[in-house]
Structure formats: C-alpha cells, structure tokens
Amino acid sequence: MASLNVYSVLVVLFLTYGPVMATKENDYIIKENNCETKMGLPCVLEAFTTIFKTGSISNKCYGKLVVLGKVCHSALVKRTLENPLFKDLNPVIIIAKSIQTWNNCLALIDSPSPFA
C-alpha cells in the first residue's frame, strides 16, 4: 500500500513539474535567441493570426519568419499554447498550423522569383 502512495506522489509531481519545465525551457530558448526582438509587431500579428485563428502572412513577413528561425518559431508557439488564455485551443491543430506556416514560408523563400 505504501508503494501505491509513493507512485501516486511521483505521478502528481511529474504532471505538475513537467509543464513548469516546458515553460522554463521555452522561456530560456526565447531569451537566449532574442526571439522576441527579431520580428516587428505587424509580422508577429500576421503570424499569430495565421496560426491561432485564420489568416495569411504577407511575403515580407514570410521572410521575417524565416529569419526568426525555426527554434524561435516553435518556442514562441509552444509558450503561447501554455498561456491559460489559450487553454481551449487544440494543441495538435495549432502545432499542425504552425508547421504548415513554417513550411509555406520556406517554400516561398526557396522558390525562384519570377523577376530574377
């Protein structure tokens, strides 16, 4: 019976400590890479709207998102999902939209310009 109590305590610790570690890890990544200063507010809003609601990103902001980098992009999306304001959103859908947005940016940046 005592081992069951120990197991229960370990599960509770894991469930409460895991999200805290994820938040700290994302915050660390964001701070170390200066993620919050790499894009201007208009492009941040375009990307946010595209990923968390419905919208599209301009070509200019696609380029800025690629400059931001995948590490920053992922950390910022994950940190936003950890915010209680977004608790009703489905993380699987948001992550899928985030990946699709990133891939669209890369495809646009990598495609040859018709004006070249």
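Please treat every number below as a calculation from the coordinates, not as lab data. Here the structure is a predicted model, which means the values were calculated and not measured. For neighbour counting, all protein chains shown are included, and Cβ atoms are generated from backbone atoms with ideal geometry for every residue, glycine included.
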Residue-count net charge about residue 102 - beta-carbon cut-off 15 Å; Lys, Arg +1, Asp, Glu -1
+3
So what are the ³J(HN,Hα) numbers for region 53-67, from phi and the Karplus equation (6.51, -1.76, 1.60; θ = phi - 60°), rounded to whole Hz, Gly and Pro as x?
9, 9, x, 9, 10, 6, 4, 4, 6, 4, x, 5, 5, 5, 5
